[in-house]
Structures are given as C-alpha cells and as structure tokens.
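J.: Sharing a structure with you now.
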Amino acid sequence: MTLIYPLASTGVHPARLSPAYRSALKRSPSRPLIPIRHTLSELTGPVYGHETVREHDNDLTIQAKGEPLGERIIVHGHVLDEDGRGVPNTLVELWQANACGRYVHVVDQHPAPLDPNFTGAGRTQSDASGYYKFITIKPGAYPWGNHHNAWRPAHIHFSVFGHSFVSRLVTQMYFPGDPLFPFDPIFNSVTDEKARMRMVSSFDLENTKPEWALCYRFDIVLRGRSATPMETK
C-alpha cells in the first residue's frame, strides 16, 4: 500500500498558514515550496514498524502494572480509500493526553498530574478489511497558551502509515458535542464545515461494552471527496 499525501484543497485540509493558530506563523514556509522528486528508496522503504506490532499494543489500559485513571473508551473504525474500500495492513498509531489533559512529554508543563500507568501512545495494524481498534482512556482538555484562556478540545492524534517513507498521514479525532469547538483555531483551521466535522467521531452505542466502556467510531478516509482533513504543516 502507498498512501499519497493529500493535496491541499480549499477548506478541506488546514492551510499551512492559519493566523489564528499562532504557531503556524513560525512553522509556515515563507517561500514557495520546491518539489523534490522521490527516489526509489523513499517510495519503497524502509518499513516503519509493521512487523513489530504486538498483539496488545492497541490496548493502552494494560501497558503498565496498574490500571490508568479516567474513563475507559473504545475507539474503532476503518481506514478507507476515496471509493470507500478498506485499506489493509495500514500501520495506525495514536498519541494523546491522559484523563487530566497532560502528555507524557518533557515539554508538557501543564500543572496536571501524570498517570504512571498511562503512556498515551499505542499502535495497531488494520486488518484485511481496513478495520482497526483501540482501547484507551478519554483524554482531558488542556490549556495551550495560544490566546487568552485557550483550551484545546479533547482529542486523539492519529497517524496512518504505509510501507514507504513518504506515506504517512496525520490527523486529529475529536469527540461529539465538545463545547470548546468554537474557540479552537486548530479545529477551525479546516474552514469547510462538512470537512471539519469529519474529524469528529460518532458515539457508537451498538459497540459500547455494557458496564465497561463507551465506544466511538472514527473512519479515516485517505483522500478524495470525503477525505478526512489531514495536517499539511
């Protein structure tokens, strides 16, 4: 499988320069991009972790001796192509804040507690139908200093990876009904409303496990008419 990086289109994928997202002012290129032709090694390899995915790498609640704190959730869905067909053997990775809104990262100095039983990172590989599944903890909102009283809505970062160096796509999954949506410039950098809502998961009662975990569905469409907005920075 080769994932092709989505072409920036008006409103669907966030622009590299989104003035309301202050970090974009430093991260956006100041000169026109120069296309560089991919070499054979970039297009065919190396492989990034497909062969080393372990059976329970997709369950973030059993990575430590103790159980992490917070609301246990199931997140599942399909990786799809533009025609709605499942894309098999995709390396799907996620990373997220813990239930208190803090990442396990030295740069994160949010004065919220770390959870010694939660790494905030997991991975899996889509099956023959493109299906993937994670068990994790619902992340908390956190302040991020972009503007006065700025808080990021609860979200999970997703990375989907093919078998070549240039086949990685990154997006974010949000939870339905979050009151912080109108105030988050990252979420709103996707200006097309229908496309923006494709980053919001749907509550999945049918696959919720009674008395154990709520479930959310998040399908990732790689490109085309119904593409999931992807980070282009």
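The values are calculated or read from the model by the stated rules, or taken from the named source; none is laboratory data. All of these numbers come straight from a predicted model, not from anything done at the bench. Every residue, glycine as well, gets a Cβ built from its backbone with ideal geometry; the counts of neighbours run over all protein chains shown. The protein model used for the area step is the full one, side chains on, heavy atoms only, and it has no ligands, DNA or RNA in it. Shrake-Rupley method; radii C 1.70, N 1.55, O 1.52, S 1.80 Å.
J.: Specify whether the C-alpha gyration tensor of region 137-200 places it in the rounded, prolate or oblate class, a ≥ b ≥ c being the square roots of the eigenvalues: rounded for a/c under 1.5, otherwise prolate if a/b is larger than b/c and oblate if not.
T.: prolate
J.: From Cα pairs below 8 angstrom and at least 6 apart in sequence, can you work out the relative contact order of the chain, rounded to a whole percent? Please report the intermediate quantities before stating the final value.
T.: Working: 521 pairs, mean separation 67.5, N = 233.
That works out to 29 percent.
J.: Moving on to the next point. Give me the extension gain from residue 181 to residue 212: residue separation times 0.36 nm, minus the current Cα-Cα distance, reported in nm with one decimal.
T.: Extending this stretch completely gives an extra 8.4 nm.
J.: So between residue 148 and residue 119, what do we pick up on full extension, going 0.36 nm a residue minus the alpha carbon distance?
T.: Working: separation 29, 0.36 × 29 = 10.44 nm, distance 2.94 nm.
Here the segment from residue 148 to residue 119 would lengthen by 7.5 nm.
J.: Same structure, new question: Cβ neighbours within 10 Å, averaged per peptide: list 28-39, 141-152, 93-104, 196-207 in order, most packed at the top.
T.: 93-104, 196-207, 141-152, 28-39
J.: With label points built 7 Å along Cα→Cβ from the Cα atoms of residue 205 and residue 191, find their separation and express it in nm.
T.: Modelled inter-label distance: 3.8 nm.
J.: Counting pairs of alpha carbon atoms under 8 Å apart in space and at least six apart in sequence, what relative contact order in percent does region 84-130 give?
T.: Relative contact order for region 84-130 comes out at 59 percent.
J.: A further question follows. Can you compute the modelled spin-label distance between residue 54 and residue 25, with each label point 7 Å from Cα toward Cβ, in nm?
T.: 4.5
J.: Determine the order of 133, 138 by accessible area, beginning with the largest, at a probe radius of 1.4 Å.
T.: Descending accessible area places them as 133, 138.
J.: For 161, 183, 134, give the ranking by accessible area with the largest first, probe 1.4 Å.
T.: Largest to smallest exposure gives the sequence 183, 161, 134.
J.: Accessible area per residue for the chain in Å², computed with a 1.4 Å probe and the full protein assembly in place, what is it?
T.: With the other protein chains kept in place, the chain gives 55 Å² per residue.
J.: How large a share of the accessible area of the chain, in percent, is made up of carbon and sulfur atoms when the probe is 1.4 Å and the other protein chains stay in place?
T.: Values: 7360 of 12820 Å².
About 57 percent, which is the carbon plus sulfur part of the accessible surface.
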